[in-house]
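Trainee: Can you read through this structure? Questions will come right after.
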Amino acid sequence: MNIFKWSNYFVTGQSRIDDQHKQLVNLLNTFGAYISENKNLESLKGDVKLGKILQELKEYTAYHFREEEVFMANFSVDSRHFTSHMYKHQYFITEINFFIEKDNIEYIDLIELFDFLISWLTTHILGVDMLMIKQYEYIQKGHTPEEAYEKVYNEDCNRSDVLITALKKMVNLLLAKNRKLSILNTELQKKVDQYES
Ligand SMILES: [Fe+2]
């Protein structure tokens, strides 16, 4: 079982955002620890404590995303970044909602869910959140939002950024495939249950 280790690579330098990211990591690890303590994952289906852990994770994530969006609006980030960043937040919220919906939680693989949450958050912080912070820093130095956007997405596109972008694309492709499979699996399992009852 992987545990999400906080790393200095995640530090954006904005203490409010860093504290919230740390709290997200803590909540994720609470979830990870709970499912690894309970070796028989089947026994967790319908578990009240698990439901509470996931609900807290969902609510805190939504709160943190709103905070980031207010932060971006306050420093007038370029609208191209704002739109795509918001879209990524909405995508994640939709995924979490799907996973923890009462009807679906019965059928999902909890370890897969944990791995999904970790990989998504890692690539999100290292990718789009860092790009947001770099733009904030350029704007603080006197650049316009457009200039900051162009600098961050073009001139500053170094090797690690390219790598993260490629990795994110790969993760997103895998997630889209998994999501489709997960929906199919859930629907199939529900039909089997209905048939058997
Ligand atoms: Fe974000």
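Derivation of every value follows stated rules applied to the coordinates shown; laboratory data play no part. Remember, predicted model here, so these are calculated numbers, not experimental data. Backbone-built Cβ (ideal geometry, glycine too); neighbour counts: all protein chains shown.
Trainee: Between their Cα atoms, which of Lys5/Lys190; Lys5/Lys49; Lys22/Lys190; Lys58/Lys88 are more than 25 Å away from each other?
Mentor: Beyond 25 Å: Lys5/Lys190; Lys22/Lys190.
Trainee: Please report, in cubic angstrom per residue, the volume enclosed by the convex hull of the alpha-carbon atoms of segment 104-151.
Mentor: Per residue, the Cα convex hull of segment 104-151 comes to 84 Å³.
Trainee: Modelling each spin label as a point 7 Å along the Cα-to-Cβ direction, I'd like the Ala73/Trp6 distance in nm, to one decimal.
Mentor: Each label point is offset 7 Å from its Cα along the Cβ direction, giving 2.8 nm.
Trainee: Test of understanding: what is the full-extension gain from Asp18 to Asn38, defined as 0.36 nm times their sequence separation minus their Cα-Cα distance?
Mentor: 4.2 nm
Trainee: Among all the aspartates and glutamates, which ones have a C-alpha under 20 Å from Lys151's C-alpha, if same-chain residues fewer than 8 places away are not counted?
Mentor: Output for Lys151: Asp78, Asp129, Glu137, Asp161.
Trainee: Indicate the helices, whole DSSP H runs only, in the chain that combine a mean Kyte-Doolittle hydropathy of -1.0 or more with a Cα extent along their long axis of 30 angstrom or more.
Mentor: Those that clear 30 Å and a mean of -1.0 are 15-37, 48-74, 79-100, 159-196.
Trainee: Which of the trypsin sites (Lys or Arg not before Pro) found in segment 27-101 are in a DSSP loop and have at most 13 neighbouring Cβ atoms, other than their own, within 10 Å?
Mentor: Loop-located and lightly packed - Lys39, Lys45.
Trainee: So how long is each side of the chain along the principal axes, counting just the alpha-carbon atoms, biggest first, in Å?
Mentor: 66, 28, 28
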